[in-house]
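Peer 1: Below is one structure. I have some questions about it.
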Amino acid sequence: MNNYIDRGLIKWMPFDALSGFSSLISDLKQHLLIQPEKILTQDHYDLLNYNLLEALHEHKEVSITYYKHHRYIQTTGNILKVDPYEKQLLLSTKEKIAINHVILLEII
């Protein structure tokens, strides 16, 4: 007559004795993942502009690194359009990238 019921992994779950401590730790982890945005020099902007014009006129595939939501994201594709009013690049992958967040633009 053994009525023992095994609780499995539940018995090894940590105890949250301090209320709000686990949310504080998760907020701290999210804060540590934030990457600061780089400040570019005028020479870097000139190189970006040159590569952008060359890729646009010669229909070349590019690799773009841009800053979004506190992270650096890299994507590839052809530049279909530069929208001066919205200040965005439209890629062949249907991505819209803000021009002022582009960090690196390389022709593949």
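Peer 1: Loop-only check: which GluC sites (Glu not before Pro) in region 57-108 are DSSP coil with at most 13 other Cβ within 10 angstrom?
Peer 2: On the way: sites: Glu58, Glu61, Glu86, Glu95, Glu106; in loops: Glu86, Glu95.
Passing both the DSSP loop test and the Cβ count: Glu86.
Peer 1: Read phi for every residue in region 84-97 and hand back ³J(HN,Hα) as whole Hz from Karplus 6.51 cos²θ - 1.76 cosθ + 1.60, θ = phi - 60°, with x for Gly and Pro.
Peer 2: Using θ = phi - 60°, the values come out as x, 6, 7, 6, 9, 9, 10, 9, 5, 8, 6, 8, 10, 10 Hz.
Peer 1: To continue, here is another question. If exposed means no more than 14 neighbouring beta carbons inside 10 Å and the site is in a DSSP loop, what's the longest run of the chain without any exposed chymotrypsin sites (Phe, Trp or Tyr not before Pro)?
Peer 2: On the way: sites that count: Tyr4, Phe15, Tyr85.
By the stated rule (loop sites, at most 14 other Cβ atoms within 10 Å), 16-84.
Peer 1: Mind listing which trypsin sites (Lys or Arg not before Pro) in region 12-108 are in a DSSP loop and have 14 or fewer other Cβ atoms within 10 Å? Each step should come with its number before you reach the end.
Peer 2: Details: sites: Lys29, Lys38, Lys60, Lys68, Arg71, Lys81, Lys87, Lys94, Lys96; in loops: Lys38, Lys60, Lys87, Lys94.
Passing both the DSSP loop test and the Cβ count: Lys38, Lys60, Lys87, Lys94.
Peer 1: Please turn the phi angles of region 73-82 into ³J(HN,Hα) values with the Karplus equation 6.51 cos²θ - 1.76 cosθ + 1.60 (θ = phi - 60°), one per residue in order, whole Hz, x for glycine and proline.
Peer 2: The phi angles translate into 10, 10, 9, 10, x, 9, 7, 8, 7, 10 Hz.
Peer 1: What net charge is computed for the residues neighbouring Lys87, neighbours being all others with C-beta under 13 Å from the C-beta of Lys87, Lys and Arg scored +1, Asp and Glu -1?
Peer 2: On the way: positive: Lys81, Lys96; negative: Asp83, Glu86.
Charge balance near Lys87 sits at 0.
Peer 1: How high is the relative contact order of region 42-107, given as a whole-number percent (alpha carbon pairs under 8 Å, six or more residues apart)?
Peer 2: Values: 106 pairs, mean separation 21.9, N = 66.
Once divided by the residue count of region 42-107, the mean separation gives 33 percent.
Peer 1: Angle, helix 21-32 long axis vs. longest principal axis of the chain, Cα atoms, 0 to 90°, nearest 10?
Peer 2: That works out to roughly 20 degrees.
Peer 1: Relative to the first principal axis of the alpha-carbon coordinates of the chain, what is the inclination of helix 42-58, with its axis defined by its Cα atoms, in degrees from 0 to 90 and to the nearest 10?
Peer 2: Once rounded, the angle reads 70 degrees.
Peer 1: Treating only the Cβ atoms of Lys and Arg (+1) and Asp and Glu (-1) as charged, compute the dipole magnitude of the chain about its Cα centre; round to the nearest 20 debye.
Peer 2: 460
Laboratory data are not the source of any read-out in this text; all were calculated from the coordinates shown. If you're wondering where the values come from, they're calculated on a predicted model, not measured in any experiment. When we count neighbours, we look across all protein chains shown, and the Cβ atoms used for this are built from the backbone with ideal geometry, even at glycine.
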